[in-house]
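Structure record follows, encoded as structure tokens.
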Amino acid sequence: KVSQLEEELKKLTETATQQGEQLSECEEERQQLARTTTENSALKQALNAVNTELDSTKKQLSTVETNIVALQQELAETQEQLHETTQKRVGLQESMKRIEHSNQDLLAKLSLAHETCAAQVA
């Protein structure tokens, strides 16, 4: 009966040893899980920060796109005004040339009239 008890004690000791090892493994896994949970929480916070930054960047991009459209419209209007101004300038230059030719004709007629008067006086 003693040997039977010794055998049972041996089995119980082995079982206790195995359970102790399993308990150690479970504790290591629990600690690893706790570390992983902490890391996941930190990663989630980092992801939230990145998403917030992304949203902000999207809003800035939308503003930039709106500004580009407004600037393109302003550029088109400025180019149109420049074209109109250039056309007016060309028209004014042509008018100035006509006036200059007219002035030259008048000066020639005035000179001729002056010569005629001088001849008549003499």
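The values are calculated or read from the model by the stated rules, or taken from the named source; none is laboratory data. Note that the structure is predicted; figures quoted are calculated from it, not measured. Using ideal geometry, Cβ is built from the backbone for each residue, glycine included, and neighbour counts are taken over all protein chains shown. The area values use the complete protein model at the heavy-atom level, side chains included, leaving out ligands, DNA and RNA. Shrake-Rupley method; radii C 1.70, N 1.55, O 1.52, S 1.80 Å.
The table below lists the values:
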read-out: Exclusive hit being out of contact with any strand residue (DSSP E or B) (no Cβ under 7 Å at 6 or more places or on another chain), charged (D, E, K, R) and either open to solvent by less than 90 Å² (accessible area, probe 1.4 Å) or at pLDDT 95 or above (or both), set Glu6, Glu21; value: Glu21
read-out: Residues being β-branched (Val, Ile, Thr) and either open to solvent by 80 Å² or more (accessible area, probe 1.4 Å) or modelled with pLDDT under 95 (or both) - total across region 69-100; value: 3
